[in-house]
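Undergrad: Here it is: the structure, laid out below.
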Amino acid sequence: MLGMNEIRKGKVIVFEDEPWVVMSADFLRKQQRRPVMRTILKHLKTEKVREHTFQQSDKVEEAALERKAMQFLYGDENSFSFMDPSSFEQLDLSAEAVGELARYLLPEQEVEVMFFEGRPLAVSLPIKIERKVIEAPPGVRGDTSTNVMKDAVIEGGVKIKVPLFIDEGDVIRVDTRTGEYVERV
């Protein structure tokens, strides 16, 4: 059981019999009042976000999540199929469980699937992934004094902003949390 002081950003807790991830946790102490922990929680199944304030006497259970490396096979707009490389067991996840990360999935890519009480909940990718630039218009600098970005299409059909020096065929790193260009490989 976690006390109020042990609730931190990134922890996965069981709150109201459901798994929630702590998005932010702020410790507040006002004069003549008891200290509280004000948090923003995100539901792991439904992606619903809510605020909750934990009192000093509140206790929550840390969720026992199992993480398993799996391989992405194929997907459509409703579901995505993954395979365990050791047992060749296949698993289908809904589009809601995969979320925005579906844009970055390529066939035969290794991903991490999180399970809660034996049920698959969500998919996580590495923070930075490498992708080949499929389409990039030629860059024309012009009269500028700051970074100039252009649109480019990477593997999987995702459009992102890249610097002018990136050409078609280059391999770049992309941040999967923000969808932004990081560097050229």
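The values are calculated or read from the model by the stated rules, or taken from the named source; none is laboratory data. Keep in mind that this is a model prediction, so the values were computed, not measured. Glycine also receives a Cβ, built like all others from the backbone with ideal geometry; neighbour counts cover every protein chain displayed.
Undergrad: Touching a Leu at 6+ places or on another chain (Cβ under 6 Å) and not aromatic (Phe, Trp, Tyr), is that true of Val49?
TA: Criteria not met by Val49.
Undergrad: Right, something else. Can you find a residue that is touching a strand residue (DSSP E or B) at 6+ places or on another chain (Cβ under 7 Å), surrounded by 16 or more Cβ atoms within 10 Å (Cβ to Cβ) and modelled with pLDDT under 85 anywhere in the range 66-82?
TA: Scanning the range 66-82 turns up no residue that is touching a strand residue (DSSP E or B) at 6+ places or on another chain (Cβ under 7 Å), surrounded by 16 or more Cβ atoms within 10 Å (Cβ to Cβ) and modelled with pLDDT under 85.
For every residue, the table says whether it meets (1) among the acidic types (Asp, Glu); (2) modelled with pLDDT of 85 or more; (3) out of contact with any strand residue (DSSP E or B) (no Cβ under 6 Å at 6 or more places or on another chain); (4) not assigned by TED's automatic domain parsing to the domain that holds Met114.
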residue: Phe27; (1), (2), (3), (4): no, yes, no, yes
residue: Gln31; (1), (2), (3), (4): no, no, yes, yes
residue: Pro35; (1), (2), (3), (4): no, yes, yes, yes
residue: Thr39; (1), (2), (3), (4): no, yes, no, yes
residue: Thr46; (1), (2), (3), (4): no, no, yes, yes
residue: Thr53; (1), (2), (3), (4): no, yes, no, yes
residue: Asp58; (1), (2), (3), (4): yes, yes, yes, yes
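Undergrad: Filtering the range 6-51 down to residues that are part of a loop (DSSP other than H, G, I, E, B) and of a type in the set (Val, Ile, Thr), which residue is farthest from Ser124 (Cα to Cα)?
TA: My answer is Ile7.
Undergrad: If you check every pair at least six apart or on different chains, which have Cβ atoms under 6 Å apart with a residue in the range 34-46 that is under 13 Å from Asn5 (Cβ atoms) first and a residue that is modelled with pLDDT under 85 second?
TA: Cβ pairs passing all conditions: Met37/Met4.
Undergrad: Quick one: Leu73 ticks every box in (1) part of a loop (DSSP other than H, G, I, E, B); (2) more than 24 Å from Glu6 (Cβ to Cβ) bar one, so which box is it?
TA: Among (1) part of a loop (DSSP other than H, G, I, E, B); (2) more than 24 Å from Glu6 (Cβ to Cβ), the lone unmet condition for Leu73 is (1).
Undergrad: Output the number of residues of the range 170-184 satisfying the condition of being at negative phi, part of a loop (DSSP other than H, G, I, E, B) and either surrounded by 14 or more Cβ atoms within 10 Å (Cβ to Cβ) or over 13 Å from the mean Cα position of the chain (by Cα) (or both).
TA: 2
Undergrad: Okay, next question. Please find, among Arg29, Arg38, Arg33, the residue that is surrounded by fewer than 16 Cβ atoms within 10 Å (Cβ to Cβ) and under 28 Å from Gly99 (Cβ atoms).
TA: On inspection, the qualifying residue turns out to be Arg38.
Matching residues to (1) surrounded by 17 or more Cβ atoms within 10 Å (Cβ to Cβ); (2) in the same structural domain as Val174 (by TED's automatic domain parsing); (3) under 11 Å from the mean Cα position of the chain (by Cα):
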{"residue": "Glu100", "(1), (2), (3)": "no, no, yes"}
{"residue": "Arg103", "(1), (2), (3)": "no, no, no"}
{"residue": "Pro107", "(1), (2), (3)": "no, no, no"}
{"residue": "Glu110", "(1), (2), (3)": "no, no, no"}
{"residue": "Phe115", "(1), (2), (3)": "no, no, no"}
{"residue": "Pro120", "(1), (2), (3)": "yes, no, no"}
{"residue": "Val133", "(1), (2), (3)": "yes, yes, no"}
{"residue": "Pro137", "(1), (2), (3)": "no, yes, no"}
{"residue": "Val140", "(1), (2), (3)": "no, yes, no"}
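Undergrad: Is it true that Glu62 is surrounded by fewer than 14 Cβ atoms within 10 Å (Cβ to Cβ), under 20 Å from Ile13 (Cβ atoms) and touching a residue at least 60 places away in the same chain (Cβ under 8 Å)?
TA: Yes.
Undergrad: So Ser86 ticks every box in (1) touching a residue at least 12 places away in the same chain (Cβ under 8 Å); (2) on the phi < 0 side of the Ramachandran plot but one. Which box is left unticked?
TA: (1) is the only condition that Ser86 fails.
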